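Data first, discussion second: the structure below is written as structure tokens.
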Amino acid sequence: MMKKDLDLARKWASLMSLLTKTIGKRPKDLNAVLFLIGTQELGKGPRNFEKEEKQDLMHIGICKVLSLSGFYELEGLDEEGWPHWKLVKKLPKFDLLEQEKLLKMHVIEYFEKEIGFEF
């Protein structure tokens, strides 16, 4: 494993630990963390979401974290207050493992810059 991969794994483990302390349970996986980010960005607090809304929240989470590198840009909010994003820079062609690494790196950056977590 390369140093970069080890550093990512260490920061991800730290993030999982911080989230466990913050929300009271360990997120199951990357999708669960993206859902949390989407919920945070929606700004309506915790509530029960329907299946389609949960998928939308994960999409919001993905767009938000990838906006940190200029891939997405916030277009605005709809009449119900849900954010809408547009792709402004083409995403690189990655296999699934590389996609997961890219998202994890951006998720960590999100929690550092937007939430103030330190790793």
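For the chain, the mean residue ellipticity at 222 nm estimated from helices alone is -18500 deg cm²/dmol, where every DSSP H run of n ≥ 4 contributes -39500 (n - 2.57) and the total is divided by all residues, rounded to the nearest 500.
If you place +1 on the Cβ of every Lys and Arg, -1 on the Cβ of every Asp and Glu, and leave all else neutral, what size is the dipole of the chain about its Cα centre, to the nearest 20 Debye?
On the way: 20 positive and 20 negative charges, 119 e Å.
In debye, rounded to 20, the chain gives about 560.
Mean projection of the Cα convex hull over all viewing directions, computed for the range 66-119: 4.7 nm². Ranked by the mean number of other Cβ atoms within 10 Å per residue, highest first, peptides 12-25, 101-114, 59-72 order as 59-72, 101-114, 12-25. Cα-based values for the chain, radius of gyration first and Dmax second, are 14.4, 47 Å.
Of Lys11/Lys90; Lys3/Lys101; Lys3/Lys104; Lys64/Lys86; Lys64/Lys89, which ones are farther than 18 Å apart at the Cα?
Values: Lys11/Lys90 27 Å; Lys3/Lys101 14 Å; Lys3/Lys104 16 Å; Lys64/Lys86 11 Å; Lys64/Lys89 14 Å.
Among Lys11/Lys90; Lys3/Lys101; Lys3/Lys104; Lys64/Lys86; Lys64/Lys89, the Cα-Cα distance tops 18 Å for Lys11/Lys90.
Taking 0.36 nm per residue of sequence separation and removing the Cα-Cα distance, the Ser69/Leu97 pair yields an extension gain of 8.2 nm.
Rolling a 1.4 angstrom probe over the protein heavy atoms, how many square angstrom per residue are accessible across the chain? Spell out each step's value before the answer.
On the way: 7910 Å² over 119 residues.
Accessible surface, normalised per residue, equals 66 Å².
Here each label is just a point 7 Å from Cα along the line to Cβ, and for Thr20 and Phe117 those points are 1.3 nm apart.
Solvent-accessible area assigned to carbon and sulfur over the chain amounts to 52 percent, based on a 1.4 Å probe.
The values are calculated or read from the model by the stated rules, or taken from the named source; none is laboratory data. All of these numbers come straight from a predicted model, not from anything done at the bench. A quick note on method: Cβ atoms are made from the backbone with ideal geometry, for glycine too, and the neighbour counts reach across all protein chains shown. SASA here: full protein model, heavy atoms, side chains in, ligands and nucleic acids out. Shrake-Rupley method; radii C 1.70, N 1.55, O 1.52, S 1.80 Å.
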